[in-house]
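Below: the structure, in structure tokens.
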Amino acid sequence: MVALAAWVIAFAVGSVVGVARTVPNRLVRTLATTYVELFRNIPLLVQMFLWYFVLPELMPVEVGRWMKRDMPNPEFSSAVLCLGFYTASRVAEQVRAGIESLSIGLSHAGYASGLTTSQVYRYVLLPISYRLIVPPMTSEFLTIFKNSSLALTIGLLELTAQSQQISEYTFNSFEAYTAATVIYVVIALSTTVLMHLLESRLRIPGFISKDER
Amino acid sequence: MFGEFDTQIVVKSLPFLWQGLQLSLLLTGLGILGGVAAGTLLALMRLSSFKVFSLFSATYVNLIRSVPLILVIFWFYFLVPLAIGRPVGSFYSALIAFIIFEAAYYSEIIRAGIQSVARGQVWAGQATGLGYWQIQRYIVLPQAFRNMVPILLTQAIILFQDTSLVFVVSLRDFMTASAIVAQKEGRLVEMYTFAAAVYFVICFAGSMLVKRLSKEIAR
Amino acid sequence: MSYVKTLAVMAVSGVALLATGQAAAAEFYGTLKKIRDAGVINVGHRESSVPFSYLNDQQQPEGYSIDLCMRIVDKASEVVGKKLEVKFVPVNPKTRIPLLANGTIDIECGSTTNNLTRQQQIDYAHVTFITGTKLLVKKSSNIKEVEDLNGKAVALAQGTTNERAVKAIAEKQGLDIKMLPVKDHAEGFLALETDRVDAYSTDHILLHGLVSKAKSPDEYDVVGRFLSYDPYAIMVPRDDSAFRLVANTTLSDLFRSGEINDIYAKWFDPLGVPQTDLLKATFEMQALPY
């Protein structure tokens with residue numbers, strides 16, 4: 001649940017930031033780079049704490065109170081936001097890599113035929129690069145799914161946390177942890193298989209994806 | 001109530017936090033050593049011509065990479081002691097978990113590094129009469145590691161960030177130390193912001209170093 | 001590092017054991033054998049159970065339960081015939097039972113309720129304190145009883161008896177209470193302090209302890225009737241009556257000699273919590289003769 005919701009944010013924000021890192025405008029590029037460096041260089045756990053404990057205190061009293069109380073599921077929302085924005089920085093790097101891997105001639109051709117910058121991105125660069133970066137995106141999705149286990153530290157019950165809860169009352173830790181492990185493995189494997197199918201459907205003939213030798 | 005930012009509390013707790021940071025660095029260092037050693041072995045197994053070895057290595061890597069690190073730490077902290085009948089302790093469970101976990105990631109990096117060494121060099125080695133281990137030791141691995149240094153360092157930075165996870169087994173690393181002070185003094189904003197800043201400075205400096213190194217190597 | 005030191009101590013004591021012959025070691029089993037062989041006893045402690053077991057300003061554990069445990073460690077040293085080195089291991093309500101059961105800690109000195117469910121996994125020494133679940137609220141909130149929490153939020157430490165007590169009452173009376181799970185008392189108090197919840201619920205004595213360490217104690221109040229009966233005891237491993245006997249002998253000696261009153265006064269007088277008649281009777285009853 002957390003993983004899916006966070007993935008939506010990560011994909012949206014990550015795409016914008018990733019594109020921003022490649023545009024000609026210098027200011028936009030610097031901003032996007034700062035974002036990526038900032039979110040990549042702080043451990044996720046610390047970021048979770050910042051979102052959950054620190055942010056509401058920095059807000060005006062009213063807003064802070066609303067964030068802590070009335071906001072539906074404060075723990076859930078902070079976990080989703082945190083995971084989303086963190087993963088966005090990683091997605092942004094993939095998007096950038098995807099765009100930069102395209103030959104510069106493509107965008108030149110676009111400009112030459114009278115397209116504006118946004119049109120070049122919209123019709124030429126993005127459609128190709130998104131199909132190229134499907135494989136790295138798969139592993140990013142798996143990462144976000146695994147990282148959602150960290151949400152337990154702020155009181156949110158994820159898969160791992162639920163198994164811990166079971167173990168305190170019944171002490172069948174073996175069963176609980178084994179179950180959690182098996183579920184993670186199964187989901188990871190099925191995602192890999194699914195994405196493999198998607199990959200082969202989206203592959204552009206003539207472009208060799210990086211994984212292949 | 002958190003009207004003013006109280007830097008005093010950060011200063012006052014610096015010695016305690018420094019101890020935590022030392023533990024974080026120690027864990028990172030040992031984790032890298034163990035991870036690279038085990039990872040090299042796994043990578044060689046993966047590339048070996050014995051089916052059993054490569055199958056084992058592939059299974060191991062895929063299995064470990066699909067579970068969260070936090071779960072691996074829990075195994076060693078709570079379950080393994082029950083299975084082997086003696087306690088592991090928070091430091092060793094964290095360390096072993098890091099090594100097991102990082103080995104999987106390092107082995108993939110190292111495998112790519114080994115494969116980056118031109119095939120002809122191995123043949124050349126065989127032609128001059130070197131054995132398998134001699135070829136690995138004198139020809140393949142030195143070049144492979146040279147190519148891999150930037151990626152290995154990047155992974156080291158990630159590992160350093162991951163050491164903050166030992167928070168869940170109450171081991172007093174930098175993160176746990178910050179959290180203890182934060183909760184005791186009720187100074188969340190200051191302590192967590194400070195922790196974030198410290199991690200950022202260290203990791204950012206690290207990634208700058210990686211960038212410079214990869215330029216040097218590319219030359 | 002201290003881990004290296006521990007290793008060294010283990011190695012040295014292992015050699016020493018071989019040198020002195022194994023005749024003496026054969027008499028011991030379970031925890032006593034383990035701590036004798038290692039020369040180290042792993043003591044589980046809490047980080048914010050004031051005044052039982054908490055970190056002081058030097059980040060060292062101290063408190064009523066810690067004092068009692070140190071007496072037990074002294075006794076254990078005497079029994080195994082060598083000075084035991086104490087290694088403190090932090091635990092929280094969620095980890096204390098698994099860690100004792102899997103042998104990471106040899107004894108838990110915190111604020112743990114002795115109940116029959118938990119005795120299926122671990123064992124207890126004598127009861128050392130008696131308390132029960134209450135609520136900590138801000139005075140301005142006008143909450144007096146658990147029923148007043150209807151439609152409000154309460155923080156509960158995961159894995160505590162208090163968590164179960166409040167959940168059971170809420171369910172029975174059909175109260176709509178939002179529950180925020182927290183890891184330990186410090187986090188629960190923080191949730192109340194920062195207005196994340198309207199109340200924090202745990203044993204009343206711990207609530208008094210938390211208030212005593214608060215920045216502005218006057219803002220808070222411990223309210224409500226007792227929602228549960230919680231006799232505290234020091235946890236020891238299960239199926240190990242020899243080790244439990246060492247602990248119980250120590251405690252009975254303290255109860256019989258009246259030394260317990262000094263230790264009690266040291267930690268509870270500052271809080272203004274005198275011994276109840278029930279607790280006095282409990283001490284007296286457990287002052288078993290030789």
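The values are calculated or read from the model by the stated rules, or taken from the named source; none is laboratory data. Quantities reported herein were computed from a predicted structural model and do not represent experimental measurements. Every residue, glycine as well, gets a Cβ built from its backbone with ideal geometry; the counts of neighbours run over all protein chains shown.
Odds and ends about this structure:
- When we screen A:Ala10, A:Ala32, A:Ala20 for residues that are in contact (Cβ under 8 Å) with a residue 12 or more places away in the chain, touching an Asp or Glu at 6+ places or on another chain (Cβ under 8 Å) and not charged (D, E, K, R), the only hit is A:Ala10.
- For the residues B:Leu71, B:Leu44, B:Leu95, the requirement of being in a helix (DSSP H, G or I) and within 14 Å of chain A (Cβ to nearest Cβ) singles out B:Leu71.
- Hits in segment C:90-133 (condition: in contact with a Leu (Cβ under 7 Å, 6 or more places away or on another chain) and within 11 Å of another protein chain (Cβ to nearest Cβ)): C:Val91, C:Asn102, C:Ile105, C:Ile122
- Odd one out for C:Gly39 among (1) modelled with pLDDT under 95; (2) out of contact with any Asp or Glu (no Cβ under 8 Å at 6 or more places or on another chain): (2)
- Unique residue being at pLDDT below 85, surrounded by 15 or more Cβ atoms within 10 Å (Cβ to Cβ) and within 11 Å of another protein chain (Cβ to nearest Cβ) when the list is B:Val149, B:Val166: B:Val166
- Looking at C:Leu190, C:Leu180, C:Leu206, just one residue is part of a strand (DSSP E or B), outside the structural domain of C:Thr276 (by TED's automatic domain parsing) and not basic (Lys, Arg), and that residue is C:Leu180.
- Here segment C:142-154 is the region considered, the condition is being crowded, with 18+ Cβ neighbours inside 10 Å and in contact with a strand residue (DSSP E or B) (Cβ under 8 Å, 6 or more places away or on another chain), and the residue that is farthest from the other protein chains (Cβ to nearest Cβ) is C:Val146.
- Checked against the criterion of being crowded, with 19+ Cβ neighbours inside 10 Å, at pLDDT below 95, more than 14 Å from chain B (Cβ to nearest Cβ) and out of contact with any Pro (no Cβ under 7 Å at 6 or more places or on another chain), the candidates C:Ala242, C:Ala191, C:Ala165 yield just one match: C:Ala165.
- Taken together, the residues in segment B:59-68 that are facing chain A (nearest Cβ under 9 Å), in contact with a helix residue (DSSP H, G or I) (Cβ under 6 Å, 6 or more places away or on another chain) and either touching a residue at least 40 places away in the same chain (Cβ under 8 Å) or assigned to a helix (DSSP H, G or I) (or both) amount to 1.
- Restricting attention to segment C:67-89, the residues that are under 25 Å from B:Val168 (Cβ atoms) and surrounded by fewer than 22 Cβ atoms within 10 Å (Cβ to Cβ) add up to 3.
- For segment C:138-146, the count of residues that are outside the structural domain of C:Glu259 (by TED's automatic domain parsing), more than 27 Å from C:Glu259 (Cβ to Cβ) and part of a strand (DSSP E or B) is at least one.
- In segment A:42-54, the condition of being more than 14 Å from every other protein chain (Cβ to nearest Cβ), part of a helix (DSSP H, G or I), modelled with pLDDT of 85 or more and crowded, with 19+ Cβ neighbours inside 10 Å is met by no residue.
- Single unsatisfied condition, C:Ala233 versus (1) free of Cβ contacts under 8 Å to residues at least 40 places away in the same chain; (2) buried (at least 19 other Cβ atoms within 10 Å of the Cβ): (1)
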